[in-house]
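Colleague: One structure is given below, represented as structure tokens, and several questions about it will come after.
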Amino acid sequence: MQLEAELKELYGFSTFRSGQKEILTDLLSGKDVLGMLPTGTGKTLIYQMAAHLLRGRALIISPLVSLMEDQVDQFKQAGFKKTIALNSFLDQGEKQMILKRIQDYQFVFVSPEIIQNSYIRSILLSVSWSLFVVDEAHCISQWGHEFRPFYLELAELKKTMGDPLCLALTATATKKVQYDILHHLDMKEAEVHIHSVNRPNISIFVECFDDHDQKVERAIKLVQQLKGPGIIYTNTRNAAELLVKRLQDHEIEGVAFYHGGMNAEERLLVQKQFIESQLNIIVCTNAFGMGINKSDIRFVIHFHTPSTIEGYIQEIGRAGRDLKPSVAVLLYHPADLEIPYHFIDQELPDSVQIDYLFSDHEQLKENTYRDKLQLVGFSETSQRFMEHHLKKAGALHKKNLDTFEKNVLISKIKFTIENRKADKIEAIKAIEKWARSNECKRGGLLRYFEEPGTEPNTMCCGYCGTDLSHFFGKQASNNTSYGLWEDELKRLLRQEVYN
């Protein structure tokens, strides 16, 4: 098969980007694949072509419901009309219509959570699948253990589906994360294609501050000077809203906030406005950006330091997907990481909470243990964590859990928690050390991923002499009225998803 000819016919391209052909060739040869390709290098094309050439059906596990509508639109625009997303944007009637006609679709996007619904799962299992895709697969390791434990159950689903070809894709994965992905997806004989995380068209700057107000003023100044569009990341919802207010006070137009506290329709509206250049700047938490298909983002500013280097690489990778020069600026303050450290203690249960949960245990039933979890003050993340591990151990419905079994389970859960906390603390210390280091910033990032460094150049980073003013410029003023997109949003939410 001449893959270049198929590429030309489907997309009009003459050549593949780095990594695409190799992964596609392995899939067409019947091999599972873990692929790590930099953000913006066309990972979606791989499974579009694979499903098309296999003449089969692909189930795509996607982490963010807010992105699925955009992904469906992109697939249809690329000519893949038989594409649908099963998510909370659908009303009951639309969902029922899709499920009745599931055999008519070639690409089906789902979240890890929705496939826990026994009825939806039974419908998905009623048809054959040639490809099982886990997009943003690093979420298995980064989020799966606490925030999205259903990620850890995907191997079971894959097996129940008859073990279709499995493709796991990500832009960032250390060797430990690669192992996590392969292990939790039960990809025992997978081909692994790992490409550099380096994005040479993104220049990297780190500026350090001891005074918070000075950092705010610097963020405002950068937004006034840098040519957009751009994204500014904060580590809390409140910080995102406050920074938008400060920017608007300085008559900076075309700016909006985005975070998980907004309802789905509000997030979708802001997302669509930004993609269509009705907004120039998004100030957001890490809830924004994954899978956003906007190629002309010129800058990413981190108002707060992220909690991991992997997260930082993911977020700056949203700039310059058109391969044109772009810039990433981190405004580091020692207090930035207080919140990530605080989250570590809050996200997972402590020893006292675990001991109480197992006290006077005869049978841990789901309704009674949930009451206990709430009574003792387990966070939402802690509840998900405990539910996953209790189910995994078969303890929820087991009668007469004896003292030995109970103590073994308690010890195992506590050991897992301590290891997770240690990993998170190590990750925070790694990015803190990198931010404060007096070295080539690009080289430090590559070393973290055990990659060889690159030759210093004038567009590398602030340490290597790159001039930030190279990225200054005027951005054309956009009409930022939300009303422009109200009709479009309504269309998105009630579109004929089953045509």
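Colleague: Could you list, ordered by first residue, the pairs with Cβ atoms under 6 Å in which the first is in the stretch 217-231 and touching a residue at least 24 places away in the same chain (Cβ under 8 Å) and the second is among the aromatic types (Phe, Trp, Tyr), at least 6 apart or interchain?
Modeller: Filtered contacts from the stretch 217-231: Ala219/Phe303; Gln225/Phe472; Leu226/Phe299; Leu226/Phe471; Gly230/Phe299.
Colleague: Right, next: Of the residues Arg267, Arg321, only one is over 26 Å from Cys461 (Cα atoms) and touching a Ser or Thr at 6+ places or on another chain (Cβ under 7 Å); which? Spell out how you get there, then give the answer.
Modeller: Details: Arg321 fails: over 26 Å from Cys461 (Cα atoms).
Being over 26 Å from Cys461 (Cα atoms) and touching a Ser or Thr at 6+ places or on another chain (Cβ under 7 Å) holds for just one of Arg267, Arg321, which is Arg267.
Colleague: A further question follows. Which residue is surrounded by the fewest Cβ atoms within 10 Å (Cβ to Cβ), if the candidates are limited to the stretch 137-184 and must be modelled with pLDDT under 90 and among the hydroxyl-bearing types (Ser, Thr, Tyr)?
Modeller: Only one residue tops the list, namely Thr174.
Colleague: Now for a different question. Name the single residue that is farthest from Val134 (Cα to Cα) among those in the stretch 147-199 being among the β-branched types (Val, Ile, Thr) and touching a Phe, Trp or Tyr at 6+ places or on another chain (Cβ under 7 Å). Please lay out each step first, then the result.
Modeller: Filtering the stretch 147-199 for residues among the β-branched types (Val, Ile, Thr) gives 160, 170, 172, 174, 177, 181, 192, 194, 197.
Checking which are touching a Phe, Trp or Tyr at 6+ places or on another chain (Cβ under 7 Å) leaves us with 174, 197.
Working: Thr174: 17, Val197: 19 Å.
So, considering only residues that are among the β-branched types (Val, Ile, Thr) and touching a Phe, Trp or Tyr at 6+ places or on another chain (Cβ under 7 Å), the one farthest from Val134 (Cα to Cα) is Val197.
Colleague: Just give me the residues in the stretch 213-251 being modelled with pLDDT of 95 or more and of a type in the set (Gly, Ala, Ser), in sequence order.
Modeller: Ala219, Gly230, Ala239, Ala240
Colleague: Name the one entry in Ser88, Ser62, Ser29 that is surrounded by fewer than 16 Cβ atoms within 10 Å (Cβ to Cβ) and touching a residue at least 24 places away in the same chain (Cβ under 8 Å). Walk me through how you get there before you give the answer.
Modeller: Values: Ser62 fails: surrounded by fewer than 16 Cβ atoms within 10 Å (Cβ to Cβ); Ser29 fails: touching a residue at least 24 places away in the same chain (Cβ under 8 Å).
After applying the criteria, what remains is Ser88.
Colleague: If we keep just the residues of the stretch 252-289 that are surrounded by 21 or more Cβ atoms within 10 Å (Cβ to Cβ) and out of contact with any helix residue (DSSP H, G or I) (no Cβ under 7 Å at 6 or more places or on another chain), which is modelled with the lowest pLDDT?
Modeller: Per the stated criteria, the residue is Phe288.
Colleague: Can you work out which of the residues in the stretch 414-450 that are among the polar types (S, T, N, Q) and part of a helix (DSSP H, G or I) is farthest from Cys464 (Cα to Cα)?
Modeller: Start the filter on the stretch 414-450 by keeping residues that are among the polar types (S, T, N, Q), which leaves 416, 419, 437-438.
When the remaining residues are screened for being part of a helix (DSSP H, G or I), the result is 416, 419.
Values: Thr416: 41, Asn419: 37 Å.
So, considering only residues that are among the polar types (S, T, N, Q) and part of a helix (DSSP H, G or I), the one farthest from Cys464 (Cα to Cα) is Thr416.
Colleague: Continuing with the same structure: Look through Asp70, Asp135 and report the one residue that is touching a residue at least 12 places away in the same chain (Cβ under 8 Å), under 24 Å from Phe449 (Cβ atoms) and not polar (S, T, N, Q).
Modeller: Just a single option satisfies the conditions, and that option is Asp135.
Colleague: Next question, about the same structure. Name the residue that is nearest to the chain's Cα centre (by Cα), counting only residues in the stretch 32-43 that are in contact (Cβ under 8 Å) with a residue 60 or more places away in the chain and either surrounded by fewer than 23 Cβ atoms within 10 Å (Cβ to Cβ) or more than 19 Å from Lys188 (Cα to Cα) (or both).
Modeller: Restricting to residues being in contact (Cβ under 8 Å) with a residue 60 or more places away in the chain and either surrounded by fewer than 23 Cβ atoms within 10 Å (Cβ to Cβ) or more than 19 Å from Lys188 (Cα to Cα) (or both), the top hit is Thr39.
Colleague: When only residues in the stretch 301-323 that are under 15 Å from Pro200 (Cα atoms) and not charged (D, E, K, R) count, which is nearest to the chain's Cα centre (by Cα)?
Modeller: Only one residue fits best here, namely Gln314.
Colleague: Something else: For the stretch 31-76, which positions are at pLDDT 80 or above and on the phi > 0 side of the Ramachandran plot?
Modeller: Those that are at pLDDT 80 or above and on the phi > 0 side of the Ramachandran plot: Gly42, Arg55.
Colleague: Any chance the stretch 121-128 includes a residue that's touching a Leu at 6+ places or on another chain (Cβ under 6 Å), among the hydrophobic types (A, V, I, L, M, F, W, C) and within 22 Å of Gly317 (Cβ to Cβ)? Show your work before the answer.
Modeller: To start, the set of residues in the stretch 121-128 that are touching a Leu at 6+ places or on another chain (Cβ under 6 Å) comprises 123.
If we keep only those that are among the hydrophobic types (A, V, I, L, M, F, W, C) too, we end up with 123.
So of that shortlist, the ones also within 22 Å of Gly317 (Cβ to Cβ) come out as none.
No, the conditions are met nowhere in the stretch 121-128.
Colleague: Tell me which residues, restricted to the stretch 1-26, are among the aromatic types (Phe, Trp, Tyr), in contact (Cβ under 8 Å) with a residue 12 or more places away in the chain and over 25 Å from Ile313 (Cβ atoms).
Modeller: First pass over the stretch 1-26, keeping only residues among the aromatic types (Phe, Trp, Tyr): 11, 13, 16.
The next check asks that each one be in contact (Cβ under 8 Å) with a residue 12 or more places away in the chain; those that pass are 11, 16.
The answer is Tyr11, and nothing else.
The values are calculated or read from the model by the stated rules, or taken from the named source; none is laboratory data. Note that the coordinates shown come from a computational prediction; the quantities given were computed from them, not determined experimentally. Ideal geometry is used to build each Cβ from the backbone, glycine not excepted, and the neighbour counts take in all protein chains shown.
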